[in-house]
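Heads up, the thing below is written out as structure tokens.
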Amino acid sequence: MSKYHFNDIEAKWQKIWAERQTFKAENQSDKPKYYVLDMFPYPSGAGLHVGHPLGYIASDIYARYKRHKGFNVLHPQGYDSFGLPAEQYAIQTGQHPKKTTEENIARYREQLDKIGFSFDWSREVRTSDPDYYKWTQWIFIQLFKSWYDKNEDKARPISELEILFSKEGNQKVIAACDDDTEPFSAEDWNGFTSEEKQQILLKYRLTYLAETEVNWCPQLGTVLANDEIVNGVSERGGYPVVRKKMKQWSMRITAYAQRLLDGLDKIDWPQPLKDSQTNWIGRSKGASVKFKVLPPTPSSGGGAGYRLTGDPQSIKLLLRKAKEMRKSPTLAEKKLWQELRTSKLGYKFRRQHPVYKFIPDFVCLEKRLIVEVDGKIHDFQVEEDELRTLTLKEKKGFNVIRFTNKEVEENLEKVIHRITETLNSLPSGEGQGGDTIEVFTTRPDTIFGVSFMTLAPEHDLVSKITTEAQKAEVEAYVEASAKRSERERMADVKTISGVFTGAYAEHPFTGEAIPIWIGDYVLAGYGTGAVMAVPCGDQRDYDFAKHFNIAIPNIFEGIDISEEAFADKENTIIAHSDFLNGLSYAEATQKAIEALEAKGQGKGKINYRLRDAVFSRQRYWGEPFPVYYKNGMPQMIALEHLPLRLPEVSAYLPTEEGEPPLGRAEVWAWDTNTNKVVSNKLLSPTGGDAQRAEGDNGIYPLELNTMPGWAGSSCYMFRYMDPTNDEVFASKEALDYWENVDLYLGGSEHATGHLLYTRFWTKFMNDRGFLPVDEPVKKLINQGMILGESAFVYRLIIYLMDTTDNGSIVYEPFRIVPVFVSKNKYPVTNEFIESKELEDFAFNLLQTQVPQLPFLKLKEWFTDISLLSKNFKSLNKEELFEYLKGKIRFGINVLHSDVSFVNTSNELDISAFKNWRPEFKDAIFILENGKVYDSNSPFEGGEGDVFKVSREVEKMSKSKYNVVNPDDICEQYGADTLRMYEMFLGPLEQAKPWSTAGITGVHSFLKKLWKLYHTGAEESFHLTNEPASKDSLKTLHKTIKKVQEDIENFSFNTSVSTFMIAVNELTAQKCNSREVLEPLAVLISPYAPHIAEELWEKLGHNESISTAPFPIFDEKHLVESSKEYPVSFNGKMRFKLELPLDLTPAQIEEAVMAYDKTQEQLQGRTPKKVIVVPGKIINIVG
RNA sequence: GCAGAAGUGGUGGAAUUGGUAGACACGCUGGACUUAAAAUCCAGUGGGCAGUAAUGCUCGUGCGGGUUCAAGUCCCGCCUUCUGUACCA
């Protein structure tokens, strides 16, 4: 009674482990700590499939190994139990998501328990458990109560910001905050009302409520974060996503962009994963440049003409006159010009520039200021001057200041002072002329190559700057691109489109007018949504310029740009660029930035692609925000009143008014008097309205949104350290002891979602002193996905083909009874299948089916098509068939079959398949050998009577019917076999299809292992205490060495091979010595813990094997006295030669040359050279 | 397009610093046991050529070059597949 009864053994030990709490971790210990974590699962309705355990088995092996190595191991497990599927299911069935979630968790737990994981279940967490989400709400509150100080580069309490504001206003504070924050002084601040203060603080908080453009998914009825969108559609469900402005909670993750990047150097994560985080954060270094938008003029239309503000009718005359006047300036004019030219005052002035019908002396277009120096003539023309001033002001909106020659000549300083004052007093943005367009560029060195600018169609300035003439075209374009979904835009990358706005911007250095275009190749969401286009240096700009015939100035030394843009920074030498000529990319960039800074028109800037994360979801099954609204301002509920529990709702859908499902809750108002949730009816008569009149009753509406799926998973690894603590998130002692996760296992699909958010929250919590570490995970490993092998059956589609009066051919599928054909019978193509055999079959089918189906019904169906011959109704049965001849065609449809109906030879279990779905009950099958199987001719199962399916590797999914559950494997082969087999499949990080093809090999290995410890037909336990043979000790120690190395390198597949080799060798050696077999049990226990425990017990131990010390490798057992040298000739191995290891190379060479096989190979030739690598190889070069 | 990973028998995959290519397993073939099957055990198994045979020769790690006494491994240039990402200015 001692055979390897794995079912009994496994059940026995699983029970004992649970009862004795074998794997419970203590928060204090003399041993060093080690924290091994799996990404906790979402408990889906489909149950656990064989892909889930892959990572869990690997981490369990590591956790068990670490226990053997003397570590205090924390290895917890829990459930990420808030989420969409449970809610979707609830919408469909009305079942409370809590109920289905609990049922699913129960099933998961049962499945997990059967695999023998060493989880400490006493620490289980569930994100949907109020005792857990209390702390998620708490973290949210802490984020709300914090701001990001860029000076100290850390998050600080918002109370400290309030103190700063009251002392020095917000001018000196450098914080991560909203862009539209207005400057204010300490006095301003102290004068603000409480609401105004709250409004301002909201712009600084790390989680803030703001009107933002979000990704709205109408089908899911909720917003989605960027990482929840894949290829422009929702990750879940694949529904379209549109951009929409909504008031939402956001997380200021952008404040941490640089630290999230820098932290990657400190952690041991896979490079591809680090790369995708780096790309997601998307740091790029360059400059932000401000371009002034030039004011439009009636004569606008082309470059230079734009600047002419003069009257179009007399422009030619004016220009000629202006030119003349410039040649003969008065002394005063000359003197003043020296001060005004080259933007010395910060603004560009032009002299003798025509405005309307006049030629004023100096004009600043940007500020619409005219400076006149009166010559002698004007002394007597005061009235005329006044008229002129008035005309300029009224007709053109120019202000005029006037100086006398004397003033300029004698007190230039005073004159300049007055001009400067006037300039500063004039609003910079008056009219359309004062706008600036800010762009971000990584190539400020190419600024002289700018020949146009492009704005995203959504850019704020588009409507403002577009000229009357271009208005219709621009508006049409903006509307068209708004309609195009994200997906369309992406599918259509190659098409160049855009429209000229009619407006121009001024080049910061040359002053040239640059046309401003809009184009959807510029994305509103990146940078500023505007670019300075340098067609010679950027391919997209180049293509755009070519397409619209815009100039492509070349600013690169010795580069041909007639075919394409030149984007190679390394080999750049700038030319035709004024003060940048001859410089390299790096030099020119620096110089350009300096020049821009001097002009106040730009600065060096680092730009990030990363956006703030939207944190609101219009969903039921998520964490409620601990937020109520007073006078429209969000207020936090204090920790002592948490958790704020999810309310009950009548349905899990949005309300008719479009509010989230929580809008349906009847008891969902916050009573600040009692600090309890109360009925909505208690809200004042304006009920539900966030605005509250004075003298209210202290009852306020609660937030209706819930938190996103990643909220609960962003800090859960720390809650495991002290999961039942009711006072704090986790005690300081526990946090200090466990620090962070030493080894984290999970899929790479979380690279830019969970793994970025969790790093963000950890850094935040660390800043605020809630956590002692600033990275959650030291080492991370991505296990590869286990793919499913889907099975497909071929359904024969019988079409009816007819010719109508107008000659077109019409096909209609013949819907009588499903017919399936075996895989290799007919080719799957888009063409119809030509087959006499099938034709006969189809007629036969009709003949046999028609008596069963009411004949009239069949006729009715044909008339439904109504494309057949007109007198069809009058046909009798025989005539009908006669009519159908030649009108029948065949095609094949491929559909998924459940993989459980298919065996390893790809043969379908027909009866199981027929019972699968009611519509297949009477299905007909054409077998591989051509036999037809239907209800009349029962399946015989004779030679060749098989129905084959085709197979293809796909992601495991319920909808593809290719999910394989681990339960059956455990039942049939045992958990130990499953564990070893999953590891044996291949390298952990590699994706691989699931196939049970090789599982018997692993299973028989375990049986062989068992037999090593047993003897005789009855397999009774039998070991000797005799010393083991030298060979057996060698086997043991080489196994210890290899297995230890493999576990530490996470190369679990190779250690399974090592075990097989060891058992094969020990079996051959007939080893049954305790000296070898006792350590062997420990070696194998991380992989196959049940059999190891059973053997350990039989070896006479009362304690669990789980903490038995790992065997110590001893080199001495592997020391050899001789080596079988491979002897190569010109690198090709020819034979082997056994030689003592203590020979010198010269002795080896001598021995080899003396060997007769060597001489045989050489056939009398003398070798040129003999390479001897002692202990390795001998190579004879001939 | 960009970034990363990979390409080895019929299959999954070994080969850790350049040193016996194909470990270990599946599958297949043959044999033993059995009335039979399952299970178990034994032997063989990269291709080609020669030989009754032992055996020998030869070609072989996506393709083409190179470095080296020696290359699956290092270098250069291609091809293919997978994964991630994308008008990122």
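Eigenvalues of the Cα gyration tensor times 5, then square-rooted: what semi-axes does that give for the stretch A:34-182, in whole angstrom, largest first? Don't skip to the end; give the middle numbers.
On the way: eigenvalues 347, 116, 30 Å².
Its equivalent ellipsoid spans semi-axes of 42, 24, 12 Å.
Could you bin all the Cα-Cα distances of the stretch A:96-151 into 5 Å bins starting at 0 and give me the percent of pairs in each, rounded to whole numbers?
Taking every Cα pair in the stretch A:96-151, the percentages come to 4, 14, 15, 18, 14, 11, 8, 7, 5, 3, 1.
Treat each spin label as a single point 7 Å out from the Cα along the C-beta direction, and report the residue A:1138 to residue A:1015 distance in nm.
3.0
Take peptides A:434-443, A:732-741, A:525-534 and line them up by average Cβ neighbours within 10 Å, highest first, as a rough protection proxy.
Values: A:434-443: 19.9, A:732-741: 18.0, A:525-534: 22.4.
The packing order, highest mean first, is A:525-534, A:434-443, A:732-741.
Taking every pair of Cα atoms in the stretch A:715-806, average 1/r, invert it to obtain the Kirkwood radius, and report Rg/Rh to two decimals. Working shown, then result.
Details: Rg = 25.7 Å, Rh = 17.1 Å.
Ratio of gyration radius to Kirkwood radius for the stretch A:715-806: 1.50.
Quick check on packing: order A:501-510, A:184-193 by the mean number of other C-beta atoms within 10 Å, highest mean leading.
Numbers: A:501-510: 22.7, A:184-193: 13.3.
Highest-to-lowest ranking by the protection proxy: A:501-510, A:184-193.
Would you please classify the overall shape of the stretch A:468-624 from the alpha carbon gyration tensor, given that a ≥ b ≥ c denote the square roots of the eigenvalues, rounded means a/c under 1.5, and beyond that prolate means a/b larger than b/c while oblate covers the rest? Walk me through the intermediate numbers first.
Values: a/c = 1.93, a/b = 1.46, b/c = 1.32.
Here the stretch A:468-624 falls in the prolate category.
Based on the Cα atoms of chain A, what semi-axes does the equivalent ellipsoid have, where each is the square root of 5 times one gyration tensor eigenvalue, given in whole Å with the largest first?
Numbers: eigenvalues 952, 386, 294 Å².
Each semi-axis is the square root of five times an eigenvalue, giving 69, 44, 38 Å.
Which percent of the Cα-Cα distances in the stretch A:1-53 go past 12 Å?
Numbers: 1092 of 1378 pairs.
Tail of the P(r) past 12 Å holds 79 percent of the pairs.
If all Cα-Cα distances of the stretch A:754-804 are sorted into 10 Å bins from 0 onward, what percent lands in each bin, rounded to whole numbers?
Binned Cα distances yield the sequence 18, 22, 13, 12, 11, 11, 9, 5, 0.
Helix-only mean residue ellipticity at 222 nm, chain A, DSSP H runs n ≥ 4 weighted -39,500 (n - 2.57), per residue, nearest 500. What is it? Please report the intermediate quantities before stating the final value.
Numbers: 36 runs with 393 residues, N = 1182.
Here the helix-only value at 222 nm equals -10000 deg cm²/dmol.
May I ask you to derive the FRET efficiency for residue A:843 and residue A:952 from their Cβ-Cβ distance with R0 = 30 Å, giving the value to the nearest 0.05?
Values: r = 33 Å, r/R0 = 1.11.
With R0 = 30 Å, the Cβ-Cβ based efficiency is 0.35.
Looking at the P(r) of the stretch A:546-629, how many percent of alpha-carbon pairs lie beyond 18 Å? Before the final figure, lay out the partial values.
Working: 2286 of 3486 pairs.
Beyond 18 Å sits 66 percent of the P(r) for the stretch A:546-629.
Taking every pair of distinct Cα atoms and averaging 1/r, then inverting, what Kirkwood hydrodynamic radius in Å comes out for the stretch A:1055-1182?
Numbers: mean 1/r = 0.0549 Å⁻¹.
For the stretch A:1055-1182, inverting the mean 1/r across all distinct Cα pairs yields 18.2 Å.
Along its principal axes, what span do the Cα atoms of the stretch A:47-122 show, with the longest given first and each in whole Å?
So the extents along the principal axes, rounded to whole Å, are 51, 24, 18.
Taking the convex hull of the alpha carbon atoms in the stretch A:990-1100, what volume per residue do you get, in Å³? Write down the numbers at each step before the final one.
Values: hull volume 11.9 nm³, N = 111.
For the stretch A:990-1100, the hull spanned by Cα atoms encloses 107 Å³ per residue.
If packing is taken as the mean number of other Cβ atoms within 10 Å per residue, what is the order of A:703-711, A:945-953, highest first? Walk me through the numbers before you get to the answer.
On the way: A:703-711: 24.1, A:945-953: 18.6.
Listed from highest to lowest mean packing, they are A:703-711, A:945-953.
Along its three principal axes, how long is the stretch A:101-188 when you only count alpha carbons? Whole Å, largest extent first please.
67, 22, 22
Read-outs throughout are calculated quantities, based only on the coordinates presented, and are distinct from any laboratory measurement. These numbers come from a predicted model, not from an experiment. Counting neighbours? That spans all protein chains shown, and the Cβs are built from the backbone with ideal geometry, glycine included.
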